[in-house]
Amino acid sequence: MRLTLVLCVATAQSLTLPSMQQRLTLPALRKLPALEQPARLSISIARLRGGQSEMSIFSSNLFPFVGIFTSNALYFSSIPAVVERVKEGSLGPLNPIPTTCIVLSTLAWLMYAFSVPNPWVVTSNLPGACAAMAAMTMMLPLMRGSKQLLFVQSTLVGGTLMNLVLWSYLIFSGMTAAARSHILGLYASVFFIILSASPLSTIKDVVLSKDSASIYAPMTVAQCVNCALWSTCTPVRFQPK
């Protein structure tokens, strides 16, 4: 009797269960407010995360690509003025200190780029380093007898020695690659801040003479554009996840 009752109940469940499953189809589930909102919320979150991911990939490639042009535009900006000064046979009002800082700054960034390694940073600084050294080589003969010659020579030699000594120490100190790259990144950032301030080295003469010819306009514009780009790029690329 009990066996018969169990079989009847099992048969009834097997007959009613498919009909219940058919009722709980997707159109029916959409009519259930308790299930509808979580499903839509999950879909919205997934789409939002997907959009953020695509935007992150886009920005992480776009900004460095544009930065290659803005950085090299800054480093190459003094070349036309230097060539013109060479034709004139004198340095004139051209300030050689920014170009001196470009040489040291690009070398510092290349040390960081080789340590990371990062091809974007290499491409953004290697051509500029060559251009800055070429400009510096052309300017030095024009500075004979100038009061700035000794300062430029001391800065070039001293800065180059600092770069080489720091690189040698970090390589042979046994520290991790991450720690080494962190120090080199801070070091290069300090040099770039000095570079950004270097056009103001003649600000006293500009104020006294009321002549801003020593502040080279193309370099100033290129510097503002380049700094604005990387100031925008940094929080976008390195936002917390």
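So the values come out like this:
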read-out: Residues of region 81-122 with amide N under 16 Å of a point placed 7 Å along Cα→Cβ from Ile193; value: 105, 109
read-out: Efficiency of FRET between Leu140 and Ile183 - r from beta-carbon atoms, R0 22 angstrom, step 0.05; value: 0.10
read-out: Relative contact order of region 54-167, pairs being alpha-carbon contacts under 8 Å that are 6 or more residues apart, as %; value: 35 percent
read-out: Label-to-label distance, nm, for residues given as Lys210 and Val225 (7 Å Cα→Cβ offset); value: 3.2 nm
read-out: Three-way shape call for region 69-172 based on the alpha-carbon gyration tensor, with the a/c threshold at 1.5; value: oblate
read-out: Spacing of the two label points (7 Å from each Cα toward its C-beta) at Leu164 and Phe114, in nm; value: 1.3 nm
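Since every read-out is calculated from the coordinates, none of them should be taken as a lab result. Not measured: the values here are computed from a predicted model. Methodologically, a virtual Cβ is constructed for each residue, glycine included, from the backbone with ideal geometry; neighbour enumeration extends over all protein chains shown.
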